[in-house]
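Chemist: One structure, pasted below without further comment.
The values are calculated or read from the model by the stated rules, or taken from the named source; none is laboratory data. Values in this document were obtained by computation on a predicted structure and should not be read as measured data. Here Cβ is always computed from backbone atoms with ideal geometry, including for glycine, and neighbour counts include all displayed protein chains.
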Amino acid sequence: MYRFSRAIYRDLQPYLLKDQLRPELGQRLLLSACERTIERLARDHRRFARPAASLFSDVRALFPVSMQLMVYDVIEVHMNNALAYLDEEIAERGSADLLRCRATNRKGKACQRVPVTGSDYCPSHRYLEKVQQQRSSGMLAA
Ligand SMILES: [Zn+2]
């Protein structure tokens, strides 16, 4: 799930208001707002009304007025992707405990460990993330 919060952060980060005293503060606030929203979405997306609007109201003050519409559009696109992904996961895995590691263990059962922050995998399965990224970029190229 964190790939969605990372994607929002990556696309919006260049447009943050430039605060010369504490340039890292806006980045930190943006990233944590994105992660909080995606975590809440993963836990209970059916009862999270208008997640894009919610994240937008959390972060809009970090951007210049002229960028607000663009910021909203970026958030909405990624949020729709995240919701589509959640629906697929739930259809595929029954209920989706999306804040668990995505890997399966040697016995073929779902890994029960908690993912590393910013990753879909726990510390022992983190290497799978690179494999997955290579696979999905390969699929895009094909
Ligand atoms: Zn794991």
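Chemist: Report whether or not Leu25 is surrounded by 13 or more Cβ atoms within 10 Å (Cβ to Cβ), assigned to a helix (DSSP H, G or I) and not aromatic (Phe, Trp, Tyr).
Modeler: Answer is no for this residue.
Chemist: Right, another one. Please pick out the residue among Arg50, Arg36 that is farther than 20 Å from Arg100 by Cβ, out of contact with any Lys or Arg (no Cβ under 8 Å at 6 or more places or on another chain) and of a type outside the set (Ser, Thr, Tyr).
Modeler: Working: Arg36 fails: farther than 20 Å from Arg100 by Cβ.
The unique qualifying residue is Arg50.
Chemist: A further question on this structure: Hey, which of the helices (runs of 4 or more DSSP H) in region 34-142, taking only ones fully inside, have at least 2 residues that are within 16 Å of the ligand (Cβ to nearest atom), modelled with pLDDT under 80 and more than 15 Å from the chain's Cα centre (by Cα)?
Modeler: Once the helices (runs of 4 or more DSSP H) in region 34-142 are filtered for at least 2 residues that are within 16 Å of the ligand (Cβ to nearest atom), modelled with pLDDT under 80 and more than 15 Å from the chain's Cα centre (by Cα), what remains is 127-141.
Chemist: Same structure again: Consider region 24-33. How many of its residues are more than 13 Å from the chain's Cα centre (by Cα) and among the polar types (S, T, N, Q)?
Modeler: 1
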